[in-house]
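Since every read-out is calculated from the coordinates, none of them should be taken as a lab result. All values reported here derive from a predicted model rather than from experimental measurement. Heads up, the Cβs are rebuilt from the backbone with ideal geometry, glycines too, and the neighbour counts pull from every protein chain shown.
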2 protein chains.
Amino acid sequence: MSQFLNYAIQLAKMVEGQTGTNPPVGAVVVKQGRIVGIGAHLQKGDKHAEVQALDMAGEQAQGGSIYVSLEPCTHYGSTPPCINKIISAGIQKVVYAVKDTTLKTHGDDVLQQSGIQVEFRHQPEAESLYRDFFITKRQSVPKVTVKVSCSLDGKQATDEAQSKWITNKAVKKDVFHLRHDHDAVLTGRGTLKEDNPQYTTRIEDGKHPIRVILSKSGQIDFNLDIFQNQSEPIWVYTENSKLKSDIENVEINCLSNCSIENILKDLHEKGIGRLLVEAGPTVTSEFLQSNYTNELILYYAPKIIGGSGNYQFFQTENIFDLSEVPHFEIVNSQMIEQNIKLTLRKK
Amino acid sequence: MSQFLNYAIQLAKMVEGQTGTNPPVGAVVVKQGRIVGIGAHLQKGDKHAEVQALDMAGEQAQGGSIYVSLEPCTHYGSTPPCINKIISAGIQKVVYAVKDTTLKTHGDDVLQQSGIQVEFRHQPEAESLYRDFFITKRQSVPKVTVKVSCSLDGKQATDEAQSKWITNKAVKKDVFHLRHDHDAVLTGRGTLKEDNPQYTTRIEDGKHPIRVILSKSGQIDFNLDIFQNQSEPIWVYTENSKLKSDIENVEINCLSNCSIENILKDLHEKGIGRLLVEAGPTVTSEFLQSNYTNELILYYAPKIIGGSGNYQFFQTENIFDLSEVPHFEIVNSQMIEQNIKLTLRKK
């Protein structure tokens, strides 16, 4: 693969998780064998990667090539179409790694009519950056990652709800990075009551996710730790129209039906592009049975907890036939200091 | 390590080989857990990485952190000192991965007096990016990489000078990347006459190196292929004061003594920061015996050529004691489609 296309993909990866419902994109402008501009899409509403890189290149872009991780856009969104900027900058060649299947019109023809050589050079590595963006944009829902920390026998806690700490400190740090990479973390009322968590990101220059609490009944104790930390908004989803809160950063969203789908569509409308689910068996199982789980991350501690089946992370009312239980593809397996991290995608 | 410091180092690596006698540097500005600016030093005389990143960040740099692969500069060179820009941008924290041992004054105190938190966080991975820059800047010579393609028995050609092609096509492509990453390629008159090479870079959007020819006698045939390609300058070093050429891109440099040291110092003065030596046994052996070879790259084809010792890549007049022969450290070993690439550093 071209090293410059590879650099564009590297730049996209640097901003993964900070572009909300927009895709992470990187761009590199090259003139006479030398990089003259680099760019990345830093935030929804901000300049696109191509524009950042072309601005850095200035007049040097004239006659140069631009390498982009994703097909340049052709539409007026929060910013004007990138293909206009590419044409006016005098670029001679455009190479991109992934076709944007969500574009209504494609720009290759327009660029070629302006005498620009355009090449779509498929990169499987970049494909995985955008796979979920395409799916979720069409459905108008965030990408959903369900995270579970458990014992080798699949328990999130003992029968008596003791769960601190099953996995090790290194896993905790890894989870901070997961939170940093997501716009919001969702949990249920049960976990909130039992674990009293804060869902913050304790890494250097990390960003805290927006915290989303699902409580159909609306029986929430506003004295819990999570409500003391007012750095980021807390959005509560409930079916209880009487639920109120005076806390400044708490927003109550009352839906007539708090289904996963309704909550996800509302979150996407509010700008959430990536949602991390960190919850107990009830909410976790609801997500894992839905069609809206893109990724499952399992952290296993090398322990077996036993007991009588409470706090198994996957619990269902129905008994499925073995051929119908949810199947996954293992994307990655990693040792984290004597704990195992499995990254999986639902098949 | 911090992911942001890691990104700064990635950015530095992207521009390695295009900054001449300046070091490759990358920078990332972070505000509230979000990247708001990225930058790299694109060319000597152009903005430093910190300035590129701070310019992209604009007002968002206020109160943010900057991560830089190399200690920010304190001196007026081709551009004003970066620490001034960091202070005026309102940055609160500076983290850098490598101390710049060539700076006359260090900026940590000045930054701290402005209320900025400064942290030198040593990164061995970044260290290797700058090791040769520090050495060669102090000596005012380019970093020298000697490249040799040979058989398993160390021959660059048969006794009858047949050398096309010992190594495979994949190696040839790898050599194009080496040329792209160096400012200039140096060879001797003998290789020029026997191989008639062009020393160009045939990769997409690659840059051709400046070509340097060493010929003490000045007996050069200006009809060779290399003189037909006039895209990049050709600099000839000779002790023959009568040597002249009318070819536009050919510059004759007559030195009273064409020693390796004299040539390297002159090249550094002309802006060459990285020199690749691709030559036959005479010039190669002269460089390998000198103190100016930073890196040796050996491509081995799985063949044995034999003969009577002509074209062994290392030939010396003296016979060294075994304890005194040049020793190397193996930095990397790599298979390139049935050829082996060894990267070594002189001990």
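In the neighborhood of A:Asn310, defined by Cβ-to-Cβ distances under 14 Å, what is the net charge if each Lys or Arg adds +1 and each Asp or Glu adds -1? Result for the local shell: -3. Of the trypsin sites (Lys or Arg not before Pro) in region B:52-152, the ones in a loop by DSSP (not H, G, I, E or B) with at most 16 other beta carbons within 10 Å are B:Lys99, B:Lys104, B:Arg121.
On a 0 to 90° scale, report how tilted helix B:124-139 is relative to the longest principal axis of chain B, with both axes built from alpha carbons and the result rounded to the nearest 10. That helix lies at roughly 70 degrees to the long axis. DSSP beta bridges fully contained in region A:3-133 are about 55 percent antiparallel.
Longer than 27 Å from Cα to Cα, which of A:Lys164/A:Lys207; B:Lys164/B:Lys270; B:Lys147/B:Lys169 are they? Say none if no pair is. B:Lys164/B:Lys270, as the Cα separations exceed 27 Å there.
Exposure proxy ranking for A:Tyr300, A:Tyr199, based on other Cβ atoms within 10 angstrom of each Cβ and starting from the fewest, stands as A:Tyr300, A:Tyr199.
Charged side chains reduced to their Cβ positions (Lys and Arg at +1, Asp and Glu at -1) give chain A a dipole of some 440 debye around its Cα centre. Sorted shortest first, the separations between the A:Lys242 label point and its copies elsewhere in the assembly read 11.1 nm; each point sits 7 Å from Cα along the Cα-to-Cβ line.
Please label the shape of region B:3-133 as rounded, prolate or oblate, based on the square roots a ≥ b ≥ c of the eigenvalues of the alpha-carbon gyration tensor (a/c under 1.5 means rounded; beyond that, a/b larger than b/c means prolate, else oblate). Because its axes are fairly even, with a/c under 1.5, region B:3-133 counts as rounded.
Each peptide in B:70-81, B:225-236, A:175-186 gets a packing score, the mean of other Cβ atoms within 10 Å over its residues, and the list from highest to lowest is A:175-186, B:70-81, B:225-236. Cβ crowding within 10 Å ranks A:Cys254, A:Cys82, B:Cys258 as A:Cys254, B:Cys258, A:Cys82, fewest other Cβ atoms first.
Label-to-label distances for A:Lys99 across copies, nearest first, come out at 5.5 nm, using points 7 Å from Cα in the beta-carbon direction. Peptide B:32-45 has a mean of 5 when you count, residue by residue, the C-beta atoms of other protein chains within 10 Å of its C-beta. In region B:140-346, the DSSP beta bridges split such that about 35 percent are antiparallel, to the nearest 5. Neighbours of B:Lys85, meaning other residues whose beta-carbon lies under 11 angstrom from its beta-carbon, give a summed charge of -1 when Lys and Arg score +1 and Asp and Glu score -1. For A:Ile135, the point set 7 Å out from Cα toward Cβ sits 5.0 nm from its twins in the other copies, listed from shortest up.
For the protein assembly as shown, the square roots a ≥ b ≥ c of the C-alpha gyration tensor eigenvalues yield an a/c of 1.5 or more together with a/b exceeding b/c, which makes the shape prolate.
The sum of -39500 (n - 2.57) across all DSSP H runs of n ≥ 4, divided by the residue count of chain A, sets its helix-only mean residue ellipticity at 222 nm to -7500 deg cm²/dmol.
Along chain B, counting only GluC sites (Glu not before Pro) with a DSSP assignment other than H, G, I, E or B and at most 12 other Cβ atoms inside a 10 Å radius, the longest segment between sites is B:1-159.
Toward the positive end of the charge dipole of region A:1-155, with +1 on the Cβ of Lys and Arg and -1 on the Cβ of Asp and Glu, the farthest Cα among A:Ala8, A:Val141, A:Gln113 is that of A:Val141.
When Lys and Arg each count +1 and Asp and Glu each count -1, what net charge do the other residues less than 15 Å away from B:Trp165, Cβ to Cβ, add up to? Residues near B:Trp165 contribute +3 overall.
Shielding of peptide B:202-210 by partners, expressed as the average count of other chain Cβ atoms within 10 Å per residue Cβ, is 5.
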